[in-house]
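Student: Quick one: structure below, then a few questions.
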């Protein structure tokens with residue numbers, strides 16, 4: 001069964017979001033949180049990571065900081081999520097391995113995914129965090145996840161769409177983790193109920209074991 005990964009909104013209000021995150025990670029099985037801001041200074045990213053990391057870790061949720069090894073280290077996050085190319089990935093691996101987690105995204109082709117998988121990465125991420133969300137996961141991301149999962153060792157984090165229903169197709173690929181963003185934070189019922197529904201959907205949609 002796929003486990004749930006949360007991705008922060010691209011912009012975060014530090015006056016309100018910590019409580020929102022607490023509600024989400026308290027509601028069900030969340031494997032990881034990817035702290036992913038659009039822009040902002042290094043100081044801003046570090047401050048955000050410093051505030052959110054202990055909230056998530058108190059619920060056994062691993063925290064990954066997107067494309068900022070320094071902020072990840074200073075905030076005592078669990079690792080770094082890299083989607084800016086091989087040079088940055090190599091730097092992250094040198095910084096965080098063997099004790100931290102390094103995940104890789106920005107993988108648009110099978111060749112790119114295999115090259116990344118040949119390194120010591122802890123997971124591969126299919127989906128584009130910079131692309132506007134649609135209701136369903138990107139078809140290419142679904143295709144890559146379904147291809148990768150039975151063939152390669154590093155687990156898949158697959159970015160689903162902007163609706164909770166998108167969990168169904170994402171989980172059916174066999175991906176070990178399904179990531180949600182807008183579907184959690186914009187749910188009118190609140191993030192706790194969104195997490196509960198997402199976890200139920202992931203369980204219901206899990207592929208049957210042979």
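Student: At pLDDT 95 or above, assigned to a helix (DSSP H, G or I), out of contact with any helix residue (DSSP H, G or I) (no Cβ under 6 Å at 6 or more places or on another chain) and over 22 Å from residue 157 (Cα atoms), is that true of residue 19? If you could, list the steps in order and put the result at the bottom.
Tutor: Values: at pLDDT 95 or above: yes; assigned to a helix (DSSP H, G or I): yes; out of contact with any helix residue (DSSP H, G or I) (no Cβ under 6 Å at 6 or more places or on another chain): yes; over 22 Å from residue 157 (Cα atoms): yes.
The answer is yes for residue 19.
Student: Looking only at the range 160-184, which residues are out of contact with any helix residue (DSSP H, G or I) (no Cβ under 6 Å at 6 or more places or on another chain) and assigned to a loop (DSSP other than H, G, I, E, B)?
Tutor: 161, 165, 174, 176, 181
Student: With 52, 37, 6 as the choices, which residue is closer than 29 Å to residue 147 by Cβ and either surrounded by 18 or more Cβ atoms within 10 Å (Cβ to Cβ) or free of Cβ contacts under 8 Å to residues at least 40 places away in the same chain (or both)? Walk me through how you get there before you give the answer.
Tutor: Values: 52 fails: closer than 29 Å to residue 147 by Cβ; 37 fails: closer than 29 Å to residue 147 by Cβ.
Exactly one residue qualifies, and that residue is 6.
Student: Taking the residues in the range 149-158 that are touching a helix residue (DSSP H, G or I) at 6+ places or on another chain (Cβ under 6 Å) and surrounded by 23 or more Cβ atoms within 10 Å (Cβ to Cβ) as candidates, determine which candidate is farthest from residue 116 (Cα to Cα).
Tutor: Within the range 149-158, the match that is farthest from residue 116 (Cα to Cα) is 158.
Student: Can you tell me which residue within the range 136-148, out of those that are in a helix (DSSP H, G or I) and in contact (Cβ under 8 Å) with a residue 12 or more places away in the chain, is surrounded by the most Cβ atoms within 10 Å (Cβ to Cβ)?
Tutor: Looking at residues that are in a helix (DSSP H, G or I) and in contact (Cβ under 8 Å) with a residue 12 or more places away in the chain, I get 145.
Student: Taking the options 207, 188, name whichever one is modelled with pLDDT of 95 or more, more than 16 Å from residue 30 (Cβ to Cβ) and surrounded by fewer than 24 Cβ atoms within 10 Å (Cβ to Cβ). Step through it out loud before you land on a result.
Tutor: Values: 207 fails: modelled with pLDDT of 95 or more.
It is 188.
Student: So, one more: Residue 71 - would you say it is in a helix (DSSP H, G or I) and touching a residue at least 40 places away in the same chain (Cβ under 8 Å)?
Tutor: no
Student: Against the definition (in contact (Cβ under 8 Å) with a residue 40 or more places away in the chain and under 17 Å from the mean Cα position of the chain (by Cα)), how does residue 83 come out, yes or no?
Tutor: yes
Student: Okay, next question. Is it the case, given these coordinates, that residue 120 is surrounded by fewer than 19 Cβ atoms within 10 Å (Cβ to Cβ), under 17 Å from the mean Cα position of the chain (by Cα) and closer than 29 Å to residue 140 by Cα? Can you show your working first?
Tutor: Working: surrounded by fewer than 19 Cβ atoms within 10 Å (Cβ to Cβ): yes; under 17 Å from the mean Cα position of the chain (by Cα): no; closer than 29 Å to residue 140 by Cα: yes.
No; evaluated as a whole, the condition is false for this residue.
Student: Have a look at 60, 38, 13, 29 and point out the one that is under 30 Å from residue 204 (Cβ atoms) and either modelled with pLDDT under 95 or in contact with a strand residue (DSSP E or B) (Cβ under 8 Å, 6 or more places away or on another chain) (or both).
Tutor: So the residue among 60, 38, 13, 29 that is under 30 Å from residue 204 (Cβ atoms) and either modelled with pLDDT under 95 or in contact with a strand residue (DSSP E or B) (Cβ under 8 Å, 6 or more places away or on another chain) (or both) is 29.
Student: Right, another one. Would you please name the residue that is surrounded by the fewest Cβ atoms within 10 Å (Cβ to Cβ), looking only at residues in the range 87-109 that are in a helix (DSSP H, G or I) and touching a residue at least 24 places away in the same chain (Cβ under 8 Å)?
Tutor: Of everything passing the filter in the range 87-109, 90 is surrounded by the fewest Cβ atoms within 10 Å (Cβ to Cβ).
Student: Mind checking which pairs have a first residue in the range 110-135 that is at positive phi and touching a residue at least 40 places away in the same chain (Cβ under 8 Å) and a second that is part of a helix (DSSP H, G or I) and surrounded by 17 or more Cβ atoms within 10 Å (Cβ to Cβ), Cβ under 7 Å, 6 or more apart or different chains?
Tutor: From residues that are at positive phi and touching a residue at least 40 places away in the same chain (Cβ under 8 Å), the pairs are 127/141.
Student: While we're here: Given the options 157, 199, name the one that is part of a strand (DSSP E or B) and at pLDDT 95 or above. Before you say what the answer is, go through the steps one by one.
Tutor: On the way: 199 fails: part of a strand (DSSP E or B).
Only one candidate passes the filter, namely 157.
The values are calculated or read from the model by the stated rules, or taken from the named source; none is laboratory data. Fair warning: this is a prediction, and the values are worked out from it, not measured in the lab. Every residue, glycine as well, gets a Cβ built from its backbone with ideal geometry; the counts of neighbours run over all protein chains shown.
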